[in-house]
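For reference, the structure discussed in these notes is given below.
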Amino acid sequence: VIKSLPTEKNMSLRFIYGRSGSGKTRFCLEEMKSKIQGGAAHPLVLLVPEQFTHQAERDLIKLLGTGGVLGAHVLSFRRMAFRIFNEGGGITYPHLHPAGKCMIIYRILDRMKDRLTVFGKSADCRGFVNTIADLITEFKRHNISPEDLDQEAGGLAEDNGLQLKLAELNFIYAAFEETIAARFRDGDDDLTLAADKLEATSLFDGADIWIDGFVNFTPQEYKMIAKLLAKARQV
């Protein structure tokens with residue numbers, strides 16, 4: 001089943017839906033094949049989860065019956081972000097390795113543990129650094145900033161346990177952002193930065209984009225899709 005919704009500037013958003021195994025992915029690939037063979041001059045993009053990019057490329061090549069794919073791109077959100085940085089700037093900015101991220105958080109916790117009422121004892125516990133690193137990743141995927149945590153904490157009573165946790169997470173998160181700001185970029189910020197840079201690039205102007213294989217999207221990914229809708233001919 002195909003449902004099309006009109007958007008601004010004659011662009012459109014389509015939903016292709018049906019039960020598992022009903023041929024949704026095949027439909028997308030057949031459309032791409034038709035446009036490639038028709039000599040489409042505009043970008044053709046298949047956007048899939050990172051772990052499916054290789055298989056999706058193989059499926060498209062097999063359907064085309066060629067040794068490669070010309071005129072079409074199989075991308076994940078992260079690959080798309082690096083394409084945007086390559087044109088819009090930022091690709092050479094040094095990324096922070098996950099191990100380096102944990103080292104920075106460890107130093108922050110060690111420096112701040114005497115000021116932490118809730119997390120002071122946990123700071124020395126095995127695995128706590130990884131827990132905080134994962135939590136910061138989740139904050140960034142959901143576009144939650146230290147300022148958001150501070151605002152939420154400010155709306156709660158001072159003796160509220162959640163208020164204390166949010167306040168201390170805000171201190172840790174803000175210290176982490178301040179520490180890396182001058183020297184590194186956290187990979188978890190890539191999609192947010194790419195969405196902001198997308199407007200200044202021409203990569204996906206007038207493109208046909210198919211999005212397939214996702215169970216759901218993070219707010220970061222929704223922001224990217226919203227920016228693509230303003231650029232593409234059809235999504």
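The values are calculated or read from the model by the stated rules, or taken from the named source; none is laboratory data. Computed from a predicted model, the values in this text were never measured in an experiment. Neighbour counts run over all protein chains shown; Cβ positions are idealised from the backbone, glycine included. Heads up: the accessible areas ignore ligands, DNA and RNA and are worked out on the full protein's heavy atoms, side chains in. Shrake-Rupley method; radii C 1.70, N 1.55, O 1.52, S 1.80 Å.
Figures for the structure shown
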{"read-out": "Tally, over region 192-224, of residues that are open to solvent by 10 Å² or more (accessible area, probe 1.4 Å), modelled with pLDDT of 95 or more and among the aliphatic types (A, V, I, L, M)", "value": "1"}
{"read-out": "Answer residue from region 169-185, given it is in contact with a Pro (Cβ under 7 Å, 6 or more places away or on another chain) and of a type outside the set (D, E, K, R) and is most open to solvent (accessible area, probe 1.4 Å) among those", "value": "F184"}
{"read-out": "Failed item in (1) open to solvent by 50 Å² or more (accessible area, probe 1.4 Å); (2) within 30 Å of A167 (Cα to Cα); (3) at pLDDT 90 or above; (4) not charged (D, E, K, R), with H97 passing the rest", "value": "(3)"}
{"read-out": "Which numbered condition L162 fails, given (1) in a helix (DSSP H, G or I); (2) touching a residue at least 12 places away in the same chain (Cβ under 8 Å); (3) loosely packed, with under 13 Cβ neighbours inside 10 Å", "value": "(2)"}
{"read-out": "Filter result for the condition that a residue is surrounded by 14 or more Cβ atoms within 10 Å (Cβ to Cβ), part of a helix (DSSP H, G or I) and among the acidic types (D, E), over D188, D134", "value": "D188"}
{"read-out": "Matching residues in region 103-117 - criterion: being farther than 17 Å from A181 by Cβ and either surrounded by 14 or more Cβ atoms within 10 Å (Cβ to Cβ) or touching a strand residue (DSSP E or B) at 6+ places or on another chain (Cβ under 7 Å) (or both)", "value": "Y106, L109, M112, K113, L116"}
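Rundown of residues vs (1) modelled with pLDDT of 95 or more; (2) touching an Asp or Glu at 6+ places or on another chain (Cβ under 8 Å); (3) closer than 25 Å to P219 by Cα, yes/no style:
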| site | (1), (2), (3) |
| --- | --- |
| T117 | no, yes, no |
| G120 | no, yes, no |
| C125 | no, no, no |
| I132 | yes, no, yes |
| L135 | yes, no, yes |
| Q151 | no, no, yes |
